[in-house]
Each structure stands twice: as C-alpha cells, then as structure tokens.
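The values are calculated or read from the model by the stated rules, or taken from the named source; none is laboratory data. Please read all numbers here as calculations on a predicted model, not as lab measurements. Here the Cβ positions follow ideal geometry from the backbone for every residue, glycine too, while neighbour counts run over all protein chains shown. The accessibility values were calculated without ligands, DNA or RNA, using every heavy atom of the protein model including side chains. Shrake-Rupley method; radii C 1.70, N 1.55, O 1.52, S 1.80 Å.
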Amino acid sequence: MSVSVERQGNEATLKINAEAAEVNKGFARAVAKVSNQVNIPGFRKGKAPRKVLENFVGKEAIKQEAFEIVANDQYRKALNDEKLIPVSDPQIKEQKFEENEPMDLTLTVTLKPEPELGEYKGLEVEKKAVAISDEDVNKALEDMQNRAAKMVEAKDAVISKGDFAIIDFAGTIDGKAFSGGEGKGYPLEVGSGSFIPGFEDQLVGLKAGDSTDVKVTFPADYFSKDLAGKEAVFKVHVQDVKRKELPVVDDALVAANSDSKTVEEFKTKTRERMTKMAEDEAQNAYEKALIEKAVANAKFDVPEIMVEDRINHMIEELSLNLESRKMNLDMYLKYTGTDLPKFRESQKPVALENVKADLILDAIAKKENIQVTEQDAVNEMASIASQHGATVKEVQKIIKDNNTVGLLLANVLRKKAARLIIDNAKGAEAPKTAEAPKAEEAPKTEETK
C-alpha cells in the first residue's frame, strides 16, 4: 500500500494504492460475508459456491461489498500511518477497483485543524473585584419578607400597582376567541409586567365587582406567531382585590424562614454566601477570559462541519434536558417563537467559541505532553457522580454503555490544559495538589486496566 497526502488548509486529498493481493483478500471476505447473510435454496448458509452466490445476488453486489471492505481498511490504515484526524466522512473522487488488479482510490476529507499556538503562559487579564454591600444583604432580607407575606382582601379598595387583582378574562381577535385567551379567578399582580403590555395599566382604578374591556396589541415578537402584532379585546371582570400584608422583620421571622435564628445571624450568613457566589462567578469569568486570550493568540481556521457537529450536540443535550422536564424540542421552539433553522443559526457563535477553545486546549496538551492518568479519570467520574447524586460505579457503567470513555478522557485532558493556562497566568497562585478519592471509590475502566 502507498499513500500520498495533499493538504490545503484543513482539506486533504488522499491518494491510496493497494496491491492486487489486498484487493483479492477483500473479495474473499466479501464472498464469505454475503454468503452468510443470504439463504440460497439447496445450500446451507455460507456454503454455496461463489458462482452460485454471484448468480443469486449478482456480481456487482459482491464487488461493492469487496470495495467497501478494502477501501475502509486502507483508509483507516492511511489515517493511522499519516497520523491524520478526520472531522468529516471521506468523499470518493476517483476509484479503480477490479479483482486481480491494484486499487487506486482518491478521497477528500476535512481534517482536524492544527493551530499555530501563540502565547498561552504568562497571560494577564483583569479579575473582577468582589464587594457585597449592605443594600445587597438587606435586599435578601426584603425578599424573605415578601415571600412570607400574606394576601389579605382589600375591601372597597381601588386597584393600584402592587395589588393582586383576581380576575376573569376572555379575549377575542376580530370578535373570535383564541386559544389561551381565557381564564377564571386568575391572580394578577398589577405592575408585574406578566401580561401583555398595556393590559395591567387598564386595571388600575377598578374595584372588586367592576368589569371593563381591555384593549391591547400583541407584541410583534410574541412567541405565538398566530397572535403576534394583532389587536385584541379582553372582557375582564374583577372578582376581588388583594394586597400583601408584610410581616415584621424580626428574629422570629428569620427563624421560621431560614437556617438562621436571628436577623444578625441571617445577615452574616447571607453576606458570606453572596460573597462566595460572587467570588466563584468572578473566578469563572477570569478563567474563561484567560482561555479566550489563549485562543485569540493562536492562528487557525475552524471547519464549518465542526461547528455544525457541535450545534447538533448542543441540540441533543437540550432535547434530553427538555424531556426530563416533560417537554420536547418542538414545544420549546414554538414557545420561544422560532424554528429549527433559526435556532441553529442563533447557536453558531457559542458553538464556534466552544470548538475553538477545545482545539487550542488539545494543541496545548499535545505540545506540553499532558497525559490523562487512571486517577484523573476516576476523579472526573467522581465529580460527575457528585453533581448528579449518583455513585462512581453508576457513572462508570453509563459511560461504558454509551461508549463515551473517549469523550470523558478528552474532557479531562482539556481541563488539565486549561489548568496549565490558569496556573501560569501572571499573578497566579501556586496550584494546590488535589486529594485523591479513597480506593473504594476508584473502580477501573476497561481502558485503564
């Protein structure tokens, strides 16, 4: 076998030549394979002579099967020998394939880019300072007070913003009712903006027992295309008007609605939690900015097919997430007022950013000779298990059953490359050594045994 590779950017043309002996081996394997797949009267499966088999299925079927066997074998060997990583299926441009003759095959394929790395050590980005104010803490206390509020009937009161109007409503467009336009005893917080713009404003000043016609226009970007931009009239009857009765903020309120016993303890714990959350967000943003800088410093082009594949993966993950919440992708697209082509287009910037980051992290891992150890894989599975309330063994089984060990290891490799960028940034602290899980929490994968 001989192979020549011509690269133009991320596109490659492979010219493969296989000797006649390899071609004939392929024909022999094709005959055996097809013979075991068909039932020929008078012969046991797999025992019919070749001529009988060819008369039954046709010589062309045997030849096509032989070609697929030889071409796939030689293509895989060519990729391995030339150390090429494809990101697309190969496209056949030319072929010469006959029994007892050498095979000539010309393929084109899109290859994984090989970025020209720029600076990725000693990078410097600004890290957002964290400051939790008294107002932030007091707002959390106020939110608790509002959650504990009781709704009391406001007799003879006119509706004002902040009140809850208990309403019956029935909407029509051009005199015809429409789906979702009717409700009974609906508690609407006036001024919340939860209804169509202009609806709630027209309830201000009404009292319990009043009725009115509310005239509104659905927004042009309304999620339901059937209603978007159309004028509607809602017949509204006010059943009742209720207002919040806020409790006194004291130690008793705090003890009944939190893990603190006093107001001061609540404020202290809240400040600590908010500070921790803000610090985590600032750190995540800082690390993301460092990765983005390393990406920006490199030179490379991303094949469109890699972006499309990433979008496919993102949509698959979204679909699984929606199914866990008793929804599906069609319902989601309808609710958000879009369709699949538009949604795919909207995901391109994020998909491109993710693919770029992965390519750079892979390139850094290769240059720095970063390796994934068995313990690294175990630690990653332990982290996944912790996030999903599962055991390491359960995660290991799912990964093995779904044949995603390679994906797991690739993710770990990229995390280690990202950590190298972060730990080598200007002003970075010396990295801490992670504590390994206990032995009983570290089952081996088949790949790491």
query: With θ set to phi - 60° and the Karplus curve 6.51 cos²θ - 1.76 cosθ + 1.60, what are the ³J(HN,Hα) couplings of the stretch 173-188 in order, to the nearest whole Hz, using x for Gly and Pro?
result: 10, 6, x, 10, 5, 9, 4, x, x, 10, x, 10, x, 7, x, 9
- request: Taking amide H positions as placed in the peptide plane 1.01 Å from N, state which residues far from LYS230 in sequence (5 or more) or on other chains have amide H under 5 Å from it.
  value: PHE218
message: At 1.4 Å probe size, with the rest of the protein present, what percent of the exposed accessible area of the stretch 96-241 is carbon and sulfur atoms?
response: 46 percent
- prompt: Where a ≥ b ≥ c are the square roots of the eigenvalues of the C-alpha gyration tensor, would you call the stretch 196-251 rounded, which needs a/c under 1.5, or, failing that, prolate if a/b is larger than b/c, or oblate?
  reply: oblate
- request: Could you work out the equivalent-ellipsoid semi-axes for the stretch 224-287, taking the square root of 5 times each eigenvalue of the Cα gyration tensor, largest first, in whole Å?
  value: 41, 28, 7
- request: Calculate the all-directions average of the projected area of the chain's alpha-carbon convex hull, and give it in nm².
  value: 35.5 nm²
statement: Classified through the alpha carbon gyration tensor (a ≥ b ≥ c as square roots of its eigenvalues; rounded if a/c is under 1.5, else prolate when a/b is larger than b/c, else oblate), the stretch 303-426 comes out oblate
- prompt: ³J(HN,Hα) across the stretch 407-412 via Karplus (A = 6.51, B = -1.76, C = 1.60, θ = phi - 60°), whole Hz, x for Gly/Pro?
  reply: 5, 4, 5, 5, 5, 5
statement: Residue-normalised 222 nm signal for the chain, counting each DSSP H run of n ≥ 4 as -39,500 (n - 2.57), nearest 500 deg cm²/dmol, is -15000 deg cm²/dmol
query: Hey, got a sec? Which GluC sites (Glu not before Pro) in the stretch 19-69 land in a DSSP loop and have at most 13 other Cβ atoms within 10 Å?
result: GLU19
- prompt: Cα extents of the stretch 144-197 along the three principal axes, largest first, in whole Å?
  reply: 43, 26, 18
- prompt: Between ALA177 and GLU317, what is the FRET efficiency for a Förster distance of 35 Å, r being their Cβ-Cβ separation, to the nearest 0.05?
  reply: 0.35
message: I need the shape label for the stretch 347-415. Rule: rounded when a/c is under 1.5, else prolate if a/b > b/c, else oblate, with a, b, c from the alpha carbon gyration tensor.
response: oblate
message: Using all alpha carbons of the stretch 332-377, what is the percent of pairwise distances in each 10 Å bin, ordered from the shortest bin to the longest?
response: 22, 28, 22, 18, 10
- request: Give me the compactness ratio for the stretch 172-297, meaning the Cα radius of gyration over 2.2 N^0.38 Å.
  value: 1.73
message: Going Cα to Cα from LYS176, which lysines come in below 18 Å? Please leave out same-chain ones fewer than 8 positions away.
response: LYS215, LYS225, LYS230, LYS235
message: Output the 0 to 90 degree angle, nearest 10, between the alpha-carbon long axis of helix 340-367 and the longest principal axis computed from the alpha carbons of the chain.
response: 60 degrees
query: When every alpha-carbon pair in the stretch 70-165 is counted, what percent end up more than 21 Å apart?
result: 70 percent
- prompt: Bin by bin, in steps of 10 Å, what percent of the Cα pairs in the stretch 1-77 do you find, going until the bin that has the longest distance?
  reply: 18, 39, 23, 14, 6, 1
message: Can you order the peptides 126-137, 190-201 by their average number of other Cβ atoms within 10 Å per residue, highest first?
response: 190-201, 126-137
message: Over the chain, with the other protein chains present, what is the accessible area per residue in square angstrom, probe 1.4 angstrom?
response: 62 Å²
field: Fraction of alpha-carbon pairs over 21 Å apart in the stretch 35-102 - percent
entry: 43 percent
task: Kindly state, as a whole number, the per residue volume in cubic angstrom of the convex hull around the alpha carbon atoms of the stretch 18-131.
output: 193 Å³
